[in-house]
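The values are calculated or read from the model by the stated rules, or taken from the named source; none is laboratory data. Worth saying up front: this structure is predicted, and the values here are computed from it rather than measured. FYI the Cβ positions are ideal-geometry reconstructions off the backbone, even for glycines, and counts take in every protein chain you see. In case anyone asks, the SASA skips ligands and DNA or RNA and just uses the protein heavy atoms, side chains included. Shrake-Rupley method; radii C 1.70, N 1.55, O 1.52, S 1.80 Å.
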Amino acid sequence: LKANLQNELEAYKTQYEYYRNHLFDLEGVEGVEWKKLGEVCNFIGGGTPDKNNKSYYGGNIRWATVSDMNGNFIEDTLYHITDDAIQKSSTKLIKSGSVIISTHVGVGKVCIIKYDTAINQDLKAVIPITDKINIDNKFLLYWFQSQKEFLLSNARGGTVKGIGLDFVKSMDFPVLPLPVQHRIVSILDRFDTLLN
């Protein structure tokens, strides 16, 4: 019974992904304006504080890696770092509610951080440029999810494949009125609730 239920859930997930991707198939749809993602969003990379420096770890600041990306949201992280680590390393503290995407290990994984969180070098925060356009972060999350296969098919490298930031910035992004974004998010939220 457990195996049958698991198979049924996987089938529903596949069906959901199909409909989600179809929902974002907006080529030729009236009212959609296409922009390069780099035109409408800024990107912030992260880093790893020196793991040999014990004063950098065990603090109260969440520090995210790909291992923490197991759903649509990151609430907590495996590692926590200190203020000193933020000040003296290349990691960056990203504001709560931001979308982060993996560009190396686990290419295409994407989620929203629920709290201010630092990130490592495999992750990029994608921050809408609000004086140019209104982008709902949940809409951005679902859009990235619809692009996962495209990202994976363009990953390059040997043992660990990745995608360059320039490639991500060059992706065509559908600019839609905020009420339309909210409607799409509402539809996908309902699907997501049923599957999780």
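Output the pairs from LYS35/LYS109; LYS92/LYS114; LYS95/LYS138; LYS36/LYS132; LYS35/LYS169; LYS88/LYS114 with a Cα-Cα distance over 18 Å in this structure; if there are none, say none.
On the way: LYS35/LYS109 22 Å; LYS92/LYS114 16 Å; LYS95/LYS138 15 Å; LYS36/LYS132 13 Å; LYS35/LYS169 10 Å; LYS88/LYS114 24 Å.
Those over the limit are LYS35/LYS109; LYS88/LYS114.
By per-residue mean of other Cβ atoms within 10 Å, what is the highest-first order of 103-111, 19-27, 151-159? Don't skip to the end; give the middle numbers.
Numbers: 103-111: 19.9, 19-27: 13.4, 151-159: 11.4.
In decreasing order of mean packing, 103-111, 19-27, 151-159 become 103-111, 19-27, 151-159.
In this structure the amide hydrogen of ILE119, modeled in the peptide plane, comes within under 5 Å of the amide hydrogens of GLY47, ALA64, LYS92, ILE94, none closer than 5 places in sequence on its chain. Taking θ as phi - 60° and the Karplus parameters 6.51, -1.76 and 1.60, the scalar couplings of segment 97-105 work out to x, 7, 8, 10, 10, 8, 10, 10, 4 Hz in sequence order, x denoting glycine and proline. Computed 3J(HN,Hα) for segment 49-56, one whole-Hz value per residue from the Karplus formula 6.51 cos²θ - 1.76 cosθ + 1.60 where θ = phi - 60°, is x, 3, 6, 7, 9, 5, 6, 8, glycine and proline marked x. Send over the Kirkwood Rh of segment 17-143, from the inverse of the averaged 1/r over different Cα pairs, rounded to one decimal Å. Averaging 1/r across every pair of different Cα atoms and inverting gives 15.6 Å.
For LYS109, the residues whose modelled amide H falls within less than 5 Å of its own, excluding neighbours fewer than 5 places apart on the same chain, are SER102.
The simple spin-label model puts a point 7 Å past each Cα toward its Cβ; for LEU78 and SER90 those points are separated by 2.1 nm. Counting protein heavy atoms only, segment 5-164 has 47 percent of its accessible area on carbon and sulfur, 1.4 angstrom probe. Between the amide H of ILE61 and those of ILE81, distances stay under 5 Å, these residues lying 5 or more places away or on another chain, with hydrogens modeled in the peptide plane. Per the Kirkwood formula applied to alpha carbons, segment 135-188 shows a radius of gyration over Rh ratio, Rg over Rh, of 1.07. With a Förster radius of 25 Å applied to the C-beta separation of GLU10 and ASP189, the computed FRET efficiency comes to 0.75.
At 1.4 Å probe size, with every protein chain present, just tell me what the per residue accessible area of segment 1-109 comes to in Å².
Values: 6660 Å² over 109 residues.
Each residue of segment 1-109 exposes 61 Å² on average to a 1.4 Å probe.
Distance between the pseudo-spin-label points of ASN42 and LYS161 (7 Å out from Cα toward the beta carbon): 3.2 nm.
Residues in segment 149-165 carry Karplus couplings, in order, of 4, 4, 5, 4, 5, 9, 5, 10, x, x, 5, 10, 8, x, 10, x, 5 Hz; the curve used is 6.51 cos²θ - 1.76 cosθ + 1.60 with θ = phi - 60°, and Gly or Pro positions show x. These residues, LEU93, LEU178, go from largest to smallest accessible area, 1.4 Å probe, as LEU93, LEU178.
Multiplying the residue separation of SER67 and LEU178 by 0.36 nm and removing their Cα-Cα distance gives an extension gain of 36.8 nm.
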